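Input: a single structure, listed below in structure tokens.
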Amino acid sequence: AQTVTQSQPEMSVQEAETVTLSCTYDTSENNYYLFWYKQPPSRQMILVIRQEAYKQQNATENRFSVNFQKAAKSFSLKISDSQLGDTAMYFCAFMKYTSGTYKYIFGTGTRLKVLA
Amino acid sequence: EPEVTQTPSHQVTQMGQEVILRCVPISNHLYFYWYRQILGQKVEFLVSFYNNEISEKSEIFDDQFSVERPDGSNFTLKIRSTKLEDSAMYFCASFRDYSSEQYFGPGTRLTVT
């Protein structure tokens, strides 16, 4: 069974600094997708970034980038130039196609606090 | 910007009552999901729905739960007899296919008293 592990329950970072959130996953699949979602206090789930497993190049979205290590099954999120608005829960998620549907599995989340 | 909508935003109900949570997915999406998030915990998959039937359901999704897409636009989650432990945030999500983003609705906070 697939699992997603986020080993850092809480992290903090100074405004304008860089922070990296860790995520590891376990799967025997070769084709899958990985995501980072942000959940601010409003509890809305917002997609931050996605990575296709078949792509070697790490995904980047403005200040957000990932370090995807397929062999190590690691998918970390780097936030550069952290802003107060980045304060939120961050969930790593794994998706694969199975039995006619797409299955998503979420990690337990990392609570990030950006300090002024 | 397309969006998934959910109603109500907050529902308070007494234990044993039936509740129906409503979602309107994005119109050209084909895959629909319900997730649950107990306060402070992770997002848990409940059920996926494709081609007018359940594709997969988790162990949480027992006989007390059901889903429907009655009219081609609404996607509902019914809990027949609510329990205290059903108190959670319920998210609806949809997407078109693997290459597209999964869009989440804003959630319905269900409080069972």
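In region A:1-45, one over the average inverse separation of all distinct C-alpha pairs is 13.3 Å, which is the Kirkwood hydrodynamic radius. Summing +1 for each Lys or Arg and -1 for each Asp or Glu among the other residues whose beta-carbon sits under 15 angstrom from that of B:Pro2 gives -3. Residue ranking by accessible heavy-atom surface, 1.4 Å probe, largest first, among B:Ile26, A:Ile46 comes out as A:Ile46, B:Ile26. Scaling the Cα radius of gyration of chain A by the globular reference 2.2 N^0.38 Å produces a ratio of 1.04.
The share of C-alpha pairs in the protein assembly as shown whose separation exceeds 31 Å stands at 22 percent. For the listed residue pairs A:Lys55/A:Lys113; A:Lys78/B:Lys83; A:Lys38/B:Lys78; A:Lys78/B:Lys57; A:Lys73/B:Lys78; B:Lys42/B:Lys83, the alpha carbons are over 29 angstrom apart in A:Lys55/A:Lys113; A:Lys78/B:Lys83; A:Lys78/B:Lys57; A:Lys73/B:Lys78.
Counted by Cβ distance under 12 Å from B:Leu77, the other residues give a net charge of +3, where Lys and Arg count +1 and Asp and Glu count -1.
Using a cutoff of 8 angstrom between alpha carbon atoms and counting only pairs six or more residues apart, the relative contact order for chain B works out to 39 percent. Computed with a 1.4 angstrom probe on protein heavy atoms, the B-A interface buries about 2100 square angstrom of accessible area in total. For chain B, the fraction of alpha-carbon pairs lying more than 19 Å apart is 39 percent, rounded to a whole number.
The values are calculated or read from the model by the stated rules, or taken from the named source; none is laboratory data. Predicted, not measured: the structure shown is a model, and the values here were computed from it. Quick reminder, even Gly has a Cβ in these numbers, built from the backbone with ideal geometry, and neighbours come from all protein chains shown. Each accessible area value is taken on the protein alone, full model and side chains, heavy atoms only, with ligands, DNA and RNA left out. Shrake-Rupley method; radii C 1.70, N 1.55, O 1.52, S 1.80 Å.
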